[in-house]
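Student: Have a look at the structure that comes next, please.
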Amino acid sequence: MKIPVVRDILEVNDRIANEHRELFRKNNLLVLNLTSAPGAGKTALLEHTIGHLKETIRIGVIEGDIQSSADAERILRAGAVAVQINTDGACHLDANMIKAALPAINIEETDLLFIENVGNLVCPAEFDLGENYKVMILSVAEGDDKPEKYPLMFHEASVLLINKIDLLPYVNCDMNKIRETVLKINPNIAIFEISCQTKEGLHNWFQWVSDHIKT
Ligand code: MG
Ligand code: ZN
């Protein structure tokens, strides 16, 4: 009897993701898969990033949400090309959904593609979309125990943005504890402390993106 259903899903996913990676490489496209819990500030970060970089590079965004196109509308207003994927209940994006969205992005004419994943710290860590890097946001309002509760996401991410640091005086969040736990899980991760509200620290993130754009 054969029951490895979940493994089959991931194998099919990884095959499509590898095709994407090859396509992105051929087109010199930097692709960032942005993950976080709901409400951590993914779309706000994208608005700032687009506002800062749109004069120098061409940016596209694939927006994943269970429902609505509210975030894609924000991205369009910020000045980037946006495609909305509604997952219809699914709590993550998979490579096949990205495949369906890619024709709406002119990737030959794009330098940077963001994939804003569904707000969820669990399965987005498991699904390779063909991206170059996973970038995750943790907001200080979520508390400092997220890394020990959701280690896989922190392990898979290449960049951790700790957002909403303007709220630190009002929340019970130990930044040293976050750093220590995260670096134990993933010693190579880049960590930036930011506030999308006050814009504090965002220049470090913009610099990281600029340094990784392919020429
Ligand atoms: Mg969003
Ligand atoms: Zn899921």
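Student: Step by step: first the residues of the stretch 82-100, then only those that are surrounded by fewer than 18 Cβ atoms within 10 Å (Cβ to Cβ) and aliphatic (A, V, I, L, M), then the one that is nearest to Thr49 (Cα to Cα). Which residue is that?
Tutor: Step one: of the stretch 82-100, the residues surrounded by fewer than 18 Cβ atoms within 10 Å (Cβ to Cβ) are 86-91, 96, 99-100.
Filter once more, keeping what is aliphatic (A, V, I, L, M): 90, 100.
Numbers: Ala90: 27, Ala100: 25 Å.
Among residues in the stretch 82-100 that are surrounded by fewer than 18 Cβ atoms within 10 Å (Cβ to Cβ) and aliphatic (A, V, I, L, M), the one nearest to Thr49 (Cα to Cα) is Ala100.
Student: Please specify each residue of the stretch 74-99 satisfying the condition of being of a type in the set (D, E, K, R) and modelled with pLDDT under 95. Spell out the reasoning first.
Tutor: The first filter runs over the stretch 74-99 and keeps only residues of a type in the set (D, E, K, R), leaving 74, 77, 88, 94, 99.
Hit for the stretch 74-99 is Asp88, nothing else.
Student: Quick check: anything in the stretch 52-64 touching a residue at least 60 places away in the same chain (Cβ under 8 Å), crowded, with 21+ Cβ neighbours inside 10 Å and either within 16 Å of ligand 2 (Cβ to nearest atom) or of a type in the set (Gly, Ala, Ser) (or both)?
Tutor: No, because not a single residue in the stretch 52-64 is touching a residue at least 60 places away in the same chain (Cβ under 8 Å), crowded, with 21+ Cβ neighbours inside 10 Å and either within 16 Å of ligand 2 (Cβ to nearest atom) or of a type in the set (Gly, Ala, Ser) (or both).
Student: Applying the selection to the stretch 75-102, what residues are assigned to a helix (DSSP H, G or I), within 18 Å of Asn33 (Cα to Cα) and more than 16 Å from ligand 2 (Cβ to nearest atom)? Lay out the reasoning, then the answer.
Tutor: Residues of the stretch 75-102 that are assigned to a helix (DSSP H, G or I), as a first pass: 75-78, 95-102.
So of that shortlist, the ones also within 18 Å of Asn33 (Cα to Cα) come out as 75, 95-102.
If the condition is that a residue be assigned to a helix (DSSP H, G or I), within 18 Å of Asn33 (Cα to Cα) and more than 16 Å from ligand 2 (Cβ to nearest atom), then Ile75, Lys99, Ala100, Ala101, Leu102 are the ones that fit.
Student: Select from the stretch 7-49 the residues that are part of a loop (DSSP other than H, G, I, E, B) and away from ligand 2 (no atom under 16 Å from the Cβ) and list them in ascending order. Don't jump to the end; show me each part of the working.
Tutor: Keep residues of the stretch 7-49 that are part of a loop (DSSP other than H, G, I, E, B), which gives 27-29, 37-41.
Result: Asn27, Asn28, Leu29, Gly39, Ala40, Gly41.
Student: Scan the stretch 103-124 residue by residue and report those that are assigned to a loop (DSSP other than H, G, I, E, B) and among the β-branched types (Val, Ile, Thr). First the steps, then the outcome.
Tutor: Within the stretch 103-124, the first condition is being assigned to a loop (DSSP other than H, G, I, E, B), and the residues that meet it are 105-106, 110-111, 117-122.
Residues satisfying the conditions are Ile105, Thr110, Val118, Val122.
Student: Are any residues in the stretch 65-74 within 16 Å of ligand 2 (Cβ to nearest atom) and of a type in the set (S, T, N, Q), and if so, which ones? Don't jump to the end; show me each part of the working.
Tutor: Here is the first cut: in the stretch 65-74, the ones within 16 Å of ligand 2 (Cβ to nearest atom) are 65-67.
Listed by number, the list holds a single entry, Gln67.
Residues are listed down the side, and each one gets a yes or a no for (1) out of contact with any strand residue (DSSP E or B) (no Cβ under 8 Å at 6 or more places or on another chain); (2) within 16 Å of ligand 1 (Cβ to nearest atom):
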{"position": "Glu131", "(1), (2)": "no, no"}
{"position": "Val135", "(1), (2)": "no, yes"}
{"position": "Leu138", "(1), (2)": "no, yes"}
{"position": "Asp144", "(1), (2)": "yes, no"}
{"position": "Ala157", "(1), (2)": "no, no"}
{"position": "Ile162", "(1), (2)": "no, no"}
{"position": "Thr181", "(1), (2)": "yes, no"}
{"position": "Ile185", "(1), (2)": "yes, no"}
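Student: Identify all residues within the stretch 103-133 that are closer than 24 Å to Arg15 by Cβ, more than 12 Å from the chain's Cα centre (by Cα), in contact (Cβ under 8 Å) with a residue 12 or more places away in the chain and away from ligand 2 (no atom under 16 Å from the Cβ); write none if there are none.
Tutor: Ala104, Ile105, Ile107, Glu108, Thr110, Gly130
Student: Taking Ile162, is it surrounded by 20 or more Cβ atoms within 10 Å (Cβ to Cβ), modelled with pLDDT of 95 or more and part of a helix (DSSP H, G or I)? If you could, list the steps in order and put the result at the bottom.
Tutor: On the way: surrounded by 20 or more Cβ atoms within 10 Å (Cβ to Cβ): yes; modelled with pLDDT of 95 or more: yes; part of a helix (DSSP H, G or I): no.
For Ile162, the condition - surrounded by 20 or more Cβ atoms within 10 Å (Cβ to Cβ), modelled with pLDDT of 95 or more and part of a helix (DSSP H, G or I) - is not met.
Student: Looking for something part of a loop (DSSP other than H, G, I, E, B), in contact (Cβ under 8 Å) with a residue 40 or more places away in the chain and buried (at least 17 other Cβ atoms within 10 Å of the Cβ) - is there at least one such residue anywhere in the stretch 180-200?
Tutor: Yes, the stretch 180-200 contains a residue that is part of a loop (DSSP other than H, G, I, E, B), in contact (Cβ under 8 Å) with a residue 40 or more places away in the chain and buried (at least 17 other Cβ atoms within 10 Å of the Cβ).
The values are calculated or read from the model by the stated rules, or taken from the named source; none is laboratory data. Bear in mind that the values here come from a model prediction, so they are computed numbers and not experimental data. Positions of Cβ are backbone-derived with ideal geometry, glycine not excepted, and every protein chain shown enters the neighbour counts.
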